[in-house]
Amino acid sequence: MPQTSVVFSSILGPSCSGQGQPGMGERGGGAGGSGDLIFQDGRLISGSLEALMEHLVPTVDYYPDRTYIFTFLLSSRVFIPPHDLLARVGQLCVEQRQQLEAGSEKAKLKSFSAKIVQLLKEWTEAFPFDFQDEKAMAELKAITHRVTQCDEENGTVKKAISQMTQSLLLSLAARSQLQELREKLRSPAMDKGPVLKAKPPAAQKDILGVCCDPLVLAQQLTHIELERVSSIHPEDLMQIVSHMDSRDKHRCRGDMTKTYSLEAYDNWFNCLSMLVATEVCRVVKKKHRTRMLEFFIDVARECFNIGNFNSMMAIISGMNLSPVARLKKTWSKVKTAKFDVLEHHMDPSSNFCNYRTALQGATQRSQTANSSREKIVIPVFNLFVKDIYFLHKIHTNHLPNGHINFKKFWEISRQIHEFMTWTQVECPFEKDKKIQSYLLTAPIYSEEALFIASFESEGPENHMEKDSWKTLSWSCSGVLKERGLLRGTQELVELKEKK
């Protein structure tokens with residue numbers, strides 16, 4: 001992925017150095033004990049879990065760097081559940097509070113309490129779902145109760161806690177409602193893959209009957225992408241690295257709670273690819289299929305220009321599916337120069353080097369953008385996930401001395417945070433409900449149905465294709481109908497009988 005540490009720091013705020021080093025008062029260890037933090041060139045690279053937790057908690061003279069707060073809160077769930085971390089934070093707060101009370105330093109006590117509330121505020125804003133757990137909410141209440149005891153005179157800390165709690169409850173309610181809505185709308189058939197459809201009636205519209213402007217369709221695809229990706233949260237992405245570690249005795253929340261946002265976004269890519277293939281294969285006349293292919297090539301190019309690489313890749317994947325790719329007579333009529341350019345950008349050689357160069361260019365454009373249209377960056381999600389997973393696999397969670405390999409988690413956190421900034425861009429294009437409805441609800445073929453439609457358009461050319469055609473033509477109308485995998489199978493049966 002492109003190196004954008006400057007963006008990572010600037011988005012978190014002007015006080016963020018991105019280095020995770022002690023600031024606003026020194027806190028950290030020298031050499032020696034297992035609880036020490038190890039720095040290299042001013043950058044925190046490792047430490048024990050206990051030392052890293054202590055580094056998170058403010059003191060009168062110290063407040064942790066904001067990039068450290070985000071990185072540690074994000075990565076800590078791999079080693080300790082959020083409610084246990086919160087309990088440890090509460091314990092450290094009590095210990096410091098007792099020391100300040102013993103010295104009768106009310107001013108310092110109020111300053112310390114304000115910093116604790118600020119830390120909790122950043123936590124609840126960045127990872128509100130950590131507090132859906134009853135244990136975590138109980139710990140939060142216990143900590144806030146302790147810090148308000150020093151604020152009886154003017155109530156500033158109490159007011160800040162009240163505002164924080166209200167915002168947290170609103171965030172939890174909104175996310176809970178969204179998850180319930182997804183569960184209700186989630187089609188059981190989607191668990192098995194796209195719904196198999198037979199040939200639709202001739203009068204039924206195709207995509208060109210709904211939208212014939214490639215730019216407009218690319219804009220509507222971008223709308224759908226941003227709506228779906230905006231429901232993905234940092235802790236969801238940490239599921240990629242949350243598998244059981246040999247030294248850890250628990251799984252983080254992401255392993256125990258099914259996250260529908262990742263699944264839904266992955267399904268969207270697959271459905272878009274299958275929709276493209278369906279729209280091409282269902283066309284009877286060759287010249288119309290040619291037009292359909294050229295249309296989708298133009299749509300993919302507009303997606304590239306916008307910065308919507310995920311839709312672009314899905315469209316290219318759909319056109320490269322075997323049922324579409326084998327239509328040689330149709331492809332011979334297509335002006336493929338633009339398609340060749342798109343495939344060059346998505347060439348998988350050298351770990352998708354060409355795509356990564358284009359992504360880096362879009363990222364740089366987004367950093368200096370003056371308009372929201374120039375800020376759009378939607379990476380290929382599957383490649384982003386693979387990058388995170390690969391980074392996790394090649395670097396261990398622990399070093400030989402038992403320290404947590406925090407250098408690894410800096411990089412994972414940086415990439416996840418960069419991804420999250422891309423998801424927060426507001427789509428500047430006007431929504432067209434008619435086009436979006438078609439994209440989201442149009443019938444799509446299964447792989448078997450695509451091959452049948454493809455063979456009907458251009459007959460099998462070799463023994464392997466002939467064998468496949470024979471098997472499909474006899475089985476799809478019987479076995480698949482018996483399994484109840486398609487609605488409208490009768491049209492397919494009638495079509496076969498006419499052959």
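Restricting attention to helices (runs of 4 or more DSSP H) lying wholly within segment 232-291, give those where 3 or more residues are touching a Cys at 6+ places or on another chain (Cβ under 9 Å) and either closer than 22 Å to T71 by Cβ or at pLDDT below 50 (or both).
Numbers: elements: 234-237, 253-256, 260-281.
Filter on segment 232-291 gives an empty set.
With among the acidic types (D, E) and without any contact (Cβ under 8 Å) to a residue 60 or more places away in the chain as the only criterion, which of D298, D347 stands out?
Values: D298 fails: without any contact (Cβ under 8 Å) to a residue 60 or more places away in the chain.
Criteria check complete, one pass: D347.
Which one of the conditions (1) farther than 19 Å from M164 by Cβ; (2) touching a Lys or Arg at 6+ places or on another chain (Cβ under 8 Å); (3) at pLDDT 85 or above does D130 fail to meet, given that it meets all the rest?
Failing condition for D130: (1).
Checking I80 against (1) over 23 Å from D65 (Cα atoms); (2) under 37 Å from the mean Cα position of the chain (by Cα); (3) not in a helix (DSSP H, G or I), which test does it fail?
The single condition I80 does not satisfy is (1).
Applying the selection to segment 370-393, what residues are open to solvent by less than 20 Å² (accessible area, probe 1.4 Å) and not aromatic (F, W, Y)?
Step one: list which residues in segment 370-393 are open to solvent by less than 20 Å² (accessible area, probe 1.4 Å), which gives 376-381, 383-384, 388.
Within segment 370-393, I376, V377, I378, P379, V380, L383, I388 meet the criteria.
Out of S437, S457, I need the residue that is assigned by the TED database to the domain that holds S366 and open to solvent by 20 Å² or more (accessible area, probe 1.4 Å). Which one? Outline the logic, then answer.
On the way: S457 fails: assigned by the TED database to the domain that holds S366.
After applying the criteria, what remains is S437.
Could you grab me the full set of residues in segment 330-364 that are surrounded by fewer than 18 Cβ atoms within 10 Å (Cβ to Cβ) and under 22 Å from E458 (Cβ atoms)?
W331, S332, K333, K335, T336, D340, E343, listed by residue number.
Specify the residue that is surrounded by the most Cβ atoms within 10 Å (Cβ to Cβ); the eligible residues are those in segment 114-160 that are under 18 Å from R88 (Cβ atoms) and among the hydroxyl-bearing types (S, T, Y).
Once the filter is applied, the top-ranked residue is T144.
Tally the residues that are among the polar types (S, T, N, Q) and open to solvent by 40 Å² or more (accessible area, probe 1.4 Å), restricting the search to segment 440-454. Before the answer, list the steps.
Filtering segment 440-454 down to residues among the polar types (S, T, N, Q) leaves 441, 446, 454.
Checking the rest, the ones that are also open to solvent by 40 Å² or more (accessible area, probe 1.4 Å) come to 441.
Number satisfying all stated conditions: 1.
Scan (1) among the aliphatic types (A, V, I, L, M); (2) at pLDDT below 80; (3) over 21 Å from C271 (Cβ atoms) for the single condition L485 breaks and write down its number.
(3)
Determine whether segment 360-376 contains at least one residue that is assigned by the TED database to the domain that holds A218, assigned to a strand (DSSP E or B) and touching a strand residue (DSSP E or B) at 6+ places or on another chain (Cβ under 7 Å).
No; the residues of segment 360-376 include none that is assigned by the TED database to the domain that holds A218, assigned to a strand (DSSP E or B) and touching a strand residue (DSSP E or B) at 6+ places or on another chain (Cβ under 7 Å).
Is it the case that H398 is in contact with a strand residue (DSSP E or B) (Cβ under 8 Å, 6 or more places away or on another chain) and not charged (D, E, K, R)?
Yes, satisfied.
The values are calculated or read from the model by the stated rules, or taken from the named source; none is laboratory data. Since the structure is predicted, the reported quantities are computational estimates derived from the model, not experimental observations. Virtual Cβ from ideal backbone geometry, glycine too; neighbours counted across all protein chains shown. Keep in mind that these areas ignore ligands, DNA and RNA; they rest on the heavy atoms of the full protein, side chains included. Shrake-Rupley method; radii C 1.70, N 1.55, O 1.52, S 1.80 Å.
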